[in-house]
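What follows is a single structure, written as structure tokens, with notes after it.
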Ligand code: AN7
């Protein structure tokens, strides 16, 4: 156990739907750092106080672990023997790990060829049964929803309310660290569970008297996969941010509600803007997140460009997953990799010392 952190269930027990005797299935998720981004505000011309909530530092490298610890704990408590989920990669990685931890069988259904390699490695390594469908995430989700209704397998996608309950703890942590709420909270939107859950967390903290002012929630979709912004299902979603290549989000209404109730919005940005933010985080701040995660910062940059911030405002962006999950996209970044003969001379020439 970490000295200071028992995982989200034991840390936030009073806010979660667990019984006094519930024993968490935990990998000590949560308690992720809220890292000040010191250089980026200046670079984008915004006089804001900017933080990144580094959810890639969860046990399986994404925010999904917060919801998964609770969903798997509850599934086990109810006597489940097997879990099932559809995924663009992170949910399946998390389900595979927590399922293994609980000694449950795990089935994951994913769109063939559309999962980042690191995420696939996780599902394989934890010995889940990986079923690739020749179709989209949205079709995979429909299949697992149907099966879980008629067969004894527990669904651990975010349509399972336990997932959102666990995921909301990210908002608690942000408030606990800041001692107040941020003015804005930006996050990427795919299936829309995270924005729904984060907003739920802020509202509950306010009701509990632990937060005075609610933040404005800004969700960012990729332009090629922006059903909520367009107002209709996208039949063939496309984006480099494979985690959010989703055409018919399960928590659509939750996202719309979070945006409207908080006086925020859901916006769509191009892959190019998302990749610019992805590279800026790595180069300027030393933070390596996956492409989808950078949609949140891309949103901040867009807001700065449009003059939507006031001086001194506190802005948080969730970086949902770790960059190592998607080495292909990382390596497609223009970079210098120079091959030389062995020995000091050739290296010195590259350094410009000879
Ligand atoms: C890195 O793993 O949907 O809007 O199946 O992996 O709550 O769906 C992943 C989504 C953002 C979007 N960033 O969050 C899945 C899956 C990363 C993600 C999202 C996902 P939601």
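Would you give the gap between the C-alpha center of the stretch 156-181 and the C-alpha center of the stretch 266-338, rounded to a whole Å?
22 Å
Can you tell me the equivalent ellipsoid semi-axes for the stretch 113-185? Use √(5λ) from the Cα gyration tensor, largest first, whole Å.
Equivalent-ellipsoid dimensions as semi-axes: 31, 17, 13 Å.
Calculate the spin-label point distance for residue 263 paired with residue 4, positioning each point 7 Å from the Cα along the beta-carbon direction, and give it in nanometres.
Reported label-point gap for residue 4 and residue 263 is 3.5 nm.
Relative contact order of the chain, please, whole-number percent, based on alpha carbon pairs below 8 angstrom and at least 6 residues apart.
20 percent
Just the number: Rg to Rh for the stretch 1-151, Cα atoms, Kirkwood Rh, two decimals.
When Rh is taken as the Kirkwood radius, the ratio is 1.04.
Dividing the convex hull volume of the alpha carbon atoms of the stretch 301-354 by its residue count, what do you get in Å³ per residue?
It is 203 Å³ per residue.
The stretch 66-134: percent of C-alpha pairs farther apart than 16 Å?
Roughly 38 percent, once rounded to a whole number.
PRE reach from residue 176 (point 7 Å along Cα→Cβ): which of the stretch 196-216 fall under 12 Å by backbone N?
So the set is empty, nothing qualifies.
Any chance you could list P(r) for the stretch 134-253, counting all Cα-Cα pairs in 5 angstrom bins from zero, rounded to whole %?
2, 11, 19, 19, 17, 14, 10, 6, 2, 0
Under the 0.36 nm per residue contour assumption, what length would be gained going from the current alpha-carbon distance of residue 77 and residue 253 to full extension?
60.4 nm
Report, in deg cm²/dmol and to the nearest 500, the calculated mean residue ellipticity at 222 nm for the chain, where each DSSP H run with n ≥ 4 adds -39500 (n - 2.57) and the sum is divided by the residue count.
Rounded to the nearest 500, the figure is -11500 deg cm²/dmol.
For the stretch 37-105, what is the convex hull (Cα atoms) projected area averaged across all directions, in square nanometres?
Averaging across all directions leaves 6.0 nm² for the Cα convex hull.
What are the extents of the Cα atoms of the stretch 256-328 along their three principal axes, in Å, largest first?
37, 27, 20
Can you tell which of 132, 57, 337 shows the greatest fluctuation in a Gaussian network model of the chain with Cα springs below 10 Å?
It is 337.
Separation between the residue 139 and residue 208 pseudo-spin-labels, each 7 Å from Cα along Cα→Cβ, expressed in nm?
Distance between the two pseudo-spin positions: 4.3 nm.
Kirkwood hydrodynamic radius for the chain: how many Å is it when counted over pairs of different Cα atoms?
Evaluated on the chain, it is 20.6 Å.
Which of rounded, prolate or oblate describes the stretch 219-354 when judged by the alpha-carbon gyration tensor and an a/c cut-off of 1.5?
In terms of gyration-tensor shape, prolate.
Every number in this text was worked out from the coordinates using simple rules, so none of it is lab data. Keep in mind it's a predicted model, so treat the numbers as computed, not measured. So basically every Cβ, Gly included, is an ideal-geometry build from the backbone, and we count neighbours across all protein chains shown.
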